[in-house]
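Trainee: My questions all concern the structure below.
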């Protein structure tokens, strides 16, 4: 399935490593089946945040897909632990958060924890594919401040904004994350 974005890419999902974290075995099976249908071969599964963190440091997945509500610690806490710059593994790994609760407040909390994309349940193959393509083909730069490390929370880069610049004071480091596109691109 070619990506219909700014530029056309064919992504070889076989070159990407995924970690699914969801306490519902049926949801894990659905996600695994969809990823396999896209061409993914390396799909690891965890039923709680603690197991997912262990698997994350061991397998170093390229993309993490996690549910919000889980035992031990939830997807939000998992995202915060992955985003620790000194953590083992890849703190730049895109995190796609799944949840049945998609209120704006929750989306904002997830974004502030370092979640890259948000996907409301019930999920669709198209929705999951679009989120994966977005994190692969259009990665956002990472921001490092005293209080935040993660994907740039600014989605709109409009030059017409005339409000206050909250990031204007203090030290801000803009980091370019390792490109998944180079790893996963295949010839068209």
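Each reported figure results from applying straightforward, stated rules to the coordinates on display, with no laboratory input. Just so we're clear, the structure is a prediction, and the values are computed from it rather than from any experiment. Cβ: placed from backbone, ideal geometry, glycine included. Neighbour counts: every protein chain shown.
Trainee: What order do you get for 140, 105 when you list them from fewest to most C-beta neighbours inside 10 Å?
Mentor: Details: 140 19, 105 8.
Fewest-to-most Cβ neighbours within 10 Å comes out as 105, 140.
Trainee: Okay, moving on. Could you list 70, 97 in order of exposure, starting from the residue whose Cβ has the fewest other Cβ atoms within 10 Å? Mind showing how you got there, number by number?
Mentor: Details: 70 23, 97 28.
Fewest-to-most ranking of 70, 97: 70, 97.
Trainee: Now for a separate question. Based on the alpha carbon coordinates of region 85-130, what radius of gyration and maximum Cα-Cα distance (Dmax) apply, in Å?
Mentor: Gyration radius and largest Cα-Cα distance of region 85-130: 12.0, 35 Å.
Trainee: Can you sort 51, 147, 108 by how many other beta carbons sit within 10 Å, fewest first? All intermediate terms of the calculation are to be shown ahead of the outcome.
Mentor: Numbers: 51 16, 147 7, 108 12.
Ordered by Cβ neighbours within 10 Å, fewest first: 147, 108, 51.
Trainee: Calculate the spin-label point distance for residue 124 paired with residue 104, positioning each point 7 Å from the Cα along the beta-carbon direction, and give it in nanometres.
Mentor: My value for the distance between the label points is 2.4 nm.
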